[in-house]
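The values are calculated or read from the model by the stated rules, or taken from the named source; none is laboratory data. Treat the numbers as computed from the prediction; the structure is a model and nothing was measured. Note: ideal-geometry Cβ built from the backbone for every residue, glycine included; neighbour counts use all protein chains shown. Just so you know, the surface numbers come from the protein's heavy atoms only, side chains and all, with ligands and any DNA or RNA stripped out. Shrake-Rupley method; radii C 1.70, N 1.55, O 1.52, S 1.80 Å.
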Amino acid sequence: MKPLVPALAGLLAVLTTACSGDTAASGSLGPVTGEEDSGWPFAVEEVDRFAEPWAMAFLPDTGDLLVTERSGTLHLRDADSGERTEVAGVPEVVDAGQGGLGDVVPAPSYEEDGLVYLSWVEAGEGGTGAVVGRAELDPSGPRLDDLEVLWRQTPKVDGDGHFSHRIAFSPDGQHLFVSSGDRQLGAPAQDTTNTLGTIVRLTLDGEPAPGNPLADDGGVGAEIWSWGHRNPLGLEHAPDGTLWSSEMGPEGGDELNVIEPGSNYGWPEASDGSDYGGGEIPDHAEGDGYAAPARSWDPSISPGSLMIYGGELFEGWRGDAFLGALSGEALVRVDLDGEAAGEAEVFDMGARIRAVEEGPDGAIWVLEDEGSGRLLRLTPAE
């Protein structure tokens, strides 16, 4: 692990006595001491800790926070008190490798019907695969009611990596996008008769969306919006409606992509990185028939999530992308201008960053990966 930067080193002793993710926490744990010496444009406040966090989402009506843990626990954290409660009714998950409980996103209609969408990994014929489901959240329980499966990654295969299963809704609230990893197999990402290595576009009920690029092909290919992906762990629409995805490449070649319907992003035929073990992969090149990334990283940063900022607190960052870097142990900001990705700014956080979200007041919330598992709130430095 990289050494802790000065802004976070002061918490090392605290982490050795951190509470587990199953224990409710009340209120704020206070500012991260030393951030005034970091030179960062934001102050950092630690507000909670979790054991195996993967994703988080704020509820639009109350500002309460949902947090998933890969082992299969869903937490509801009260916005006012900071107290959190385990949500009942979560599906049984396969907790192995990268598998488990994944994303959680309130439905576009949440304030009317209380629906939330979740992703997880299940076992079945052929092995394991990602699943997306929908349920009604009863915050008074709290519990999930009437859970139904809407979509399954096809086919199920052996192994416990590259599920991706990130969820995003179109800006008009009419379509559900899901990222589907290549399951570490590579070749299926170029085969549009399956959904491995793709981003799919569905109706809110999980059916192939009318007008998809391969709709006339029928079968699961009718679900596909784009293909040739490796492990897209970030999926987000910008305020202008552009769909962006952050994707883990092989040995280097991590990508930030503009997602266009019917586009092939090249994996495993083209990549700006190299295969593990030294195998060469052709770089993206003009005219090769593959969509090149808007930005790529070599050496790897291992982007685990993507948020595009739309708030007011950090006015100069509106419309910019924020990536949580796992192996890079950083928060990465990329200046976006339409479909162009400009300069990147790297904030060395000293821990694997699993998720990044914008809070209701425009603060940036950062969730560290298991091992540290802190939930941090970033606000402009005074």
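Numbers at a glance
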item	result
Positive-pole candidate from I281, W297, L326, dipole of segment 226-355, charges at beta carbon	L326
Extension gain from D216 to A187, taking 0.36 nm per residue of separation minus the Cα-Cα distance	8.2 nm
Global form of segment 168-294, assessed from the alpha-carbon gyration tensor, a/c cut-off 1.5	prolate
Segment 243-267-segment 139-210 distance, computed between alpha-carbon centres (Å)	16
Positive-pole candidate from S246, W317, S164, dipole of the chain, charges at beta carbon	S164
Of V258, P210, Q153, farthest towards positive along the dipole that unit charges on Lys, Arg, Asp, Glu beta carbons give the chain	Q153
Length-normalised contact order for the chain - Cα pairs under 8 Å, 6+ apart - percent	13
Dipole magnitude (debye, nearest 20) for the chain, charges at Cβ of Lys, Arg, Asp, Glu	680
Principal axes of segment 257-300: Cα extent on each, largest first, Å	33, 18, 15
Cα pair distances in segment 334-382, grouped into 5 Å bins until the bin that holds the longest one, percent each	5, 17, 19, 23, 22, 10, 3, 0
Candidate residues W225, W120: accessible-area rank, largest first, probe 1.4 Å	W225, W120
Dipole magnitude (debye, nearest 20) for segment 43-193, charges at Cβ of Lys, Arg, Asp, Glu	600
Test item: Cα-centred dipole of segment 232-365, Lys/Arg +1 and Asp/Glu -1 on Cβ, debye	400
Segment 59-103: radius of gyration over Cα atoms, expressed as a fraction of 2.2 N^0.38 Å	1.26
In nm, spacing of pseudo-spin labels at A344 and D361 (7 Å Cα→C-beta vector)	3.2
Compactness of the chain - radius of gyration and Dmax, Cα, Å	19.6, 59
Anisotropy class of segment 275-382 from Cα gyration tensor, a/c 1.5 cut	oblate
Cα gyration tensor category, rounded, prolate or oblate, for segment 112-179 with a/c compared to 1.5	oblate
Sparsely packed GluC sites (Glu not before Pro) within segment 93-131, loop by DSSP, other Cβ within 10 Å at most 15	E125
Largest-first principal axis extents of the Cα set of segment 265-325 (Å)	45, 27, 14
Where labels lie 7 Å past Cα in the beta-carbon direction, separation of Y276 and A123 in nm	2.3
